[in-house]
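Enquirer: Submitted below is the structure of interest, expressed as structure tokens.
The values are calculated or read from the model by the stated rules, or taken from the named source; none is laboratory data. Please read these numbers as outputs of a predicted model, since none were measured by experiment. Cβ placement follows ideal geometry from the backbone for every residue including glycine, while neighbour counts extend to all protein chains displayed. Just the protein is used for accessible areas: all its heavy atoms, side chains included, with ligands, DNA and RNA removed. Shrake-Rupley method; radii C 1.70, N 1.55, O 1.52, S 1.80 Å.
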Amino acid sequence: MKIPILLPKIFDFPFTYQNDTCENLIPGNFVKVPFGSNEITGVVWPYEQKTEKKFKIKKISRKINVKNLNSSMIEFITWFSKYNLVPLGMSFKMCLLNKDVIEKNFEKDFIKFEIKKNKNNFLLSNEQKKSLEYITSIGNNYNVTVLEGVTGSGKTLVYFHRIKNIIDRGFQALILLPEIALTKQFSTRFKEFFNAEPAIWHSDTTRKNKSIIWKGISEGKIQIVIGARSSLFLPFKNLGIIIVDEEQDVSYKQDEGVSYNARDMAITRASLENIPINLVTSIPSVETYNNIVNKKYHVTKLEKRFFKKAAMPNFEIINLRSEKINKEKWIAKSTIDKVNHYLDKGDQVLFFLNRRGYAPFVICNNCGIKFECPNCAVNLNFHKKINKLLCHYCGHKSLLSRTCKKQGKCDLIFCGPGVERIFSELKKLYPKKKIEIFSSDTLKNKYSSSLFKKVEKKKIDILIGTQLLSKGFHFPKLNCIVVVDGNFSSHGYDLRSAEKNIQLYHQLAGRAGREGNKSSIFFQTYTPEDDTLLRISKNDPHAFLEKELLLRKEKKLPPFYRLISLIISGDSEILIMKFATNIKSKLPKIKEINVLGPVLAPITKIRKKYRCRILIRYPKNLFIQKYLSHSLNKIKITPGIKLEVDVDPINFG
């Protein structure tokens, strides 16, 4: 009997195999099949690829003794492939662990993940109870409900109770988080509530733990997974609810490899599974807000912080144009005076600067030449801790030395501050204070867990952090935040820059004063009249969202129109532009569809590859992927050229 088998390869169709095994195979069964000179894992697919070609049909080696891929997951893979213009086999590959399933038995390893009865009572405020009752009343079939609450209002506790209701009925739950760093403090809360170890799934999870979780999820032995984007593709046996925490976070969008938006794909998976999904946020994304306005999504709000006396921090703008700051210094005297007021009370202070390293670029005072990355069209950042120049795009490292084009060694000038430079300045100002940096450079290893514990136990006085610290963390004694560089320029190519800034600084402000103490956030800026800054200081995000919707509608931008990017990269700038122009001429010409470009990317070269972009804009009610896929499949890719498709792009850099 001939059976269609989908393989985790870059093919958009299943292969036909002969079933001579004694097994009766049905769609969703995992099998081992020969492919080339290897034996690989495939899945029985519900439909076959019709072809006129005659070829020798190979035999299925064996059926793999693991749980089936259920029909809703097969539907999800199919839809994901069509919507994101990703080959079917590559979509299936995302459901596997290193292109394989897990046959090994891990029964003993599942015990630590078992949810146990908890003696502790986690009481809800009246506002939280009302939100929980509302979410529960909508039911357990597919619905999208937004849980919107000011920072520190206890949104996590509300959805923990909702999850408990679901798993008590025998179902499983998936909690999506946007950042790996968030899982550490989140895990502690999880253990306290569910009295069990959390099953955490992200890129840093070990191969063994991933194997245990994959097996436990597929057999229904693990009830809850906390995960980054890729956990969305786990083969849950009986998924009952999906939570997308910080739904507005752009980290849910994957740009490299297979491009997709995990929040949007989670909504699709919930729809196909016919289960509820909760989008959790302090400020909704513009897309989510539009769906609330149009009554497509339900919404419940928490408008008060959990601790009764806790108010949002006071906002104050410090105009650097009227401040005297010494050369090579970045913190104004009036800022220091305000910070001292909080430090003298024993409060913690956070200095926020969304810039890693010591200085964003280094230039020679004699020859005027910057240190630039040899692989990318960007400056190299100086990292004082490792005493090297580093490219934040390709990872290239080089030493801080070179022969000057004019004479001898270069006379180096370090331009602008990074978190390490602020650290050096603060160390001189406060030599007796314990100061630590929180960035992706310091939060990647095991040391990061102890760092967070030190903050919670008030063993750190001053934190210096990037945007990683803006979301999800609860530091009881943090009552003062200083934004070192309140610059809100968008560089002209990010249509979501205003939205991102409003969300980032609203989230950041939410780290302060969470337990009822008076708190402040100070913005140092040379542009105190900036519109985005004034909106942030008014703390009225909904007024911004309403205005932004009107602007997006007028400019024919998402969420009223959709965008698809075709990104062409290669070794030669001339060749990629020539190839892109050729692609544009072959795209379907349909009324209401605008094909813009090609134009070179703002950062023209990354990892030795030049890049250009074609942007396709079309009305929301059209599904152009079918026509686009047909056209792209006909295009012969020139050697040395790479074509990537990004549906609903967020990054235009």
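Enquirer: Would you kindly find the accessible area of residue 650, with a 1.4 Å probe and non-protein molecules such as ligands, DNA and RNA excluded, rounding to the nearest 10 Å²?
Expert: Counting only protein heavy atoms, residue 650 exposes about 20 Å² to solvent.
Enquirer: So what's the range 67-166 giving for Cα Rg divided by 2.2 N^0.38 Å, two decimals?
Expert: Ratio of Cα Rg to 2.2 N^0.38 Å: 1.51.
Enquirer: What is the pair-distance distribution P(r) of the range 339-385, computed from all Cα-Cα distances in 5 Å bins starting at 0, with each bin given as a whole percent?
Expert: Bins of 5 Å from zero give 5, 17, 15, 16, 11, 10, 7, 8, 7, 3 percent of pairs.
Enquirer: Using a 1.4 Å probe and ignoring any ligands, DNA or RNA, find the accessible area of residue 394 and quote it in Å² to the nearest 10.
Expert: 40
Enquirer: Kirkwood Rh over Cα pairs of the range 168-295 into Stokes-Einstein at 25 °C, 0.890 mPa s: D in µm²/s?
Expert: 161
Enquirer: Let's see if you can work this out: charge +1 on each Lys and Arg Cβ, -1 on each Asp and Glu Cβ, no other charges. What is the dipole magnitude of the chain about its Cα centre, in debye to the nearest 20?
Expert: Dipole about the Cα centre, nearest 20: 1260 debye.
Enquirer: For the range 539-608, count all C-alpha to C-alpha pairs, find those more than 17 Å apart, and express that count as a whole percent of the total.
Expert: Here the long-distance tail beyond 17 Å is 60 percent of all Cα pairs in the range 539-608.
Enquirer: Can you give the direction-averaged projected area of the convex hull of the alpha-carbon atoms in the range 250-354, in nm²? Could the numbers behind the result be given before it?
Expert: On the way: hull surface 49.8 nm².
Result: 12.5 nm².
Enquirer: For the range 10-109, which trypsin sites (Lys or Arg not before Pro) are in a loop by DSSP, counting at most 15 other Cβ atoms within 10 Å?
Expert: In loop regions of the range 10-109 (DSSP not H, G, I, E or B), the sparsely surrounded trypsin sites (Lys or Arg not before Pro) are 50, 53, 54, 56, 58, 99, 104.
Enquirer: For residue 634, what accessible surface area do you get with a 1.4 Å probe? Give it in Å², rounded to 10.
Expert: Residue 634 exposes around 150 Å² with every protein chain in place.
Enquirer: Compute, for the range 222-309, the length of the dipole vector about the Cα centre, with Cβ point charges of +1 (Lys, Arg) and -1 (Asp, Glu) only. Units Debye, rounded to 20.
Expert: Details: 12 positive and 10 negative charges, 107 e Å.
In total the dipole reaches around 520 debye.
Enquirer: Two-decimal Rg/Rh of the range 349-449 from alpha-carbon positions, Kirkwood Rh?
Expert: That ratio equals 1.02.
Enquirer: Compute, for the range 417-462, the length of the dipole vector about the Cα centre, with Cβ point charges of +1 (Lys, Arg) and -1 (Asp, Glu) only. Units Debye, rounded to 20.
Expert: It comes to approximately 300 debye.
Enquirer: With unit charges on the beta carbon (Lys/Arg positive, Asp/Glu negative), name the residue among 276, 265, 113 whose Cα is farthest towards the positive pole of the charge dipole of the chain.
Expert: Farthest towards the positive pole: 113.
Enquirer: Right, another one. Can you tell me what percent of all Cα-Cα pairs in the range 523-562 are more than 17 Å apart?
Expert: Every Cα pair in the range 523-562 considered, those over 17 Å come to 44 percent.
Enquirer: Let me ask something additional. Averaging the inverse of every distinct alpha carbon separation and then flipping it gives the Kirkwood radius. What is it for the range 50-89, in angstrom units?
Expert: 13.2
Enquirer: Next question, about the same structure. State the Kirkwood hydrodynamic radius of the range 414-515 in Å, one decimal place, computed from all pairs of distinct Cα atoms.
Expert: 15.1
Enquirer: State the Cα centre-to-centre distance between the range 511-583 and the range 408-464 in whole Å.
Expert: 28
Enquirer: Using a 1.4 Å probe and counting only protein heavy atoms, arrange 124, 232 so the residue with the most accessible area comes first.
Expert: 124, 232
Enquirer: Kindly sort 506, 630 by accessible area of their heavy atoms, largest first, with the probe set to 1.4 Å.
Expert: The most accessible residue leads, giving 630, 506.
Enquirer: Could you give the accessible area per residue of the range 182-286, probe 1.4 Å, as a whole number in Å²?
Expert: Solvent-accessible surface per residue comes out at 27 Å².
Enquirer: Shifting gears a bit: Could you order 297, 526, 17 so the one with the most accessible surface comes first? Probe is 1.4 Å. Don't jump to the answer; show the numbers that get you there.
Expert: Working: 297 30, 526 130, 17 10 Å².
Highest to lowest solvent-accessible surface, that is 526, 297, 17.
Enquirer: In the chain, if the dipole is taken from +1 on Lys/Arg beta carbons and -1 on Asp/Glu beta carbons about the Cα centre, which of 102, 13, 217 is farthest to the positive end?
Expert: The residue sitting farthest along the positive end of the dipole is 102.
Enquirer: Right, next: How long is the range 1-142 along each principal axis, judged by its Cα atoms, biggest number first, in Å?
Expert: For the range 1-142, the Cα extents along the three principal axes come out at 69, 38, 25 Å.
Enquirer: Under the classification rounded if a/c is under 1.5, otherwise prolate if a/b is larger than b/c and oblate if not, where does the range 107-241 fall, given a ≥ b ≥ c as square roots of the Cα gyration tensor eigenvalues?
Expert: In terms of gyration-tensor shape, prolate.
Enquirer: Okay, moving on. Can you compute the helix-only [θ] at 222 nm over the chain? Use -39500 (n - 2.57) per DSSP H run of at least 4 residues, normalise by all residues, nearest 500 deg cm²/dmol.
Expert: Values: 16 runs with 183 residues, N = 653.
Computed ellipticity for the chain at 222 nm equals -8500 deg cm²/dmol.
Enquirer: Bin width 5 Å, alpha-carbon pairs only: give the P(r) of the range 526-653 as whole percents, running from 0 to the bin holding the largest distance.
Expert: All Cα pairs considered, the percentages come to 2, 9, 17, 17, 15, 12, 10, 8, 6, 3, 1.
Enquirer: With the contact rule set at Cα under 8 Å and sequence spacing of 6 or more, what percent relative contact order holds for the range 314-432?
Expert: Working: 164 pairs, mean separation 30.4, N = 119.
The normalised contact order for the range 314-432 reaches 26 percent.
Enquirer: How big is D, in µm² s⁻¹, for the chain by Stokes-Einstein at 20 °C and 1.002 mPa s if Rh is the Kirkwood radius over C-alpha pairs?
Expert: Value of D from the Cα-based Kirkwood radius: 79 µm²/s.
Enquirer: Another question, then. May I ask you to give the percent of accessible area on the chain that is carbon plus sulfur, with a probe radius of 1.4 Å?
Expert: So the carbon and sulfur contribution to the accessible surface is 51 percent.
Enquirer: Return the inverse of the average 1/r over all pairs of distinct C-alpha atoms in the range 473-550, which is the Kirkwood hydrodynamic radius, in Å to one decimal.
Expert: 13.5
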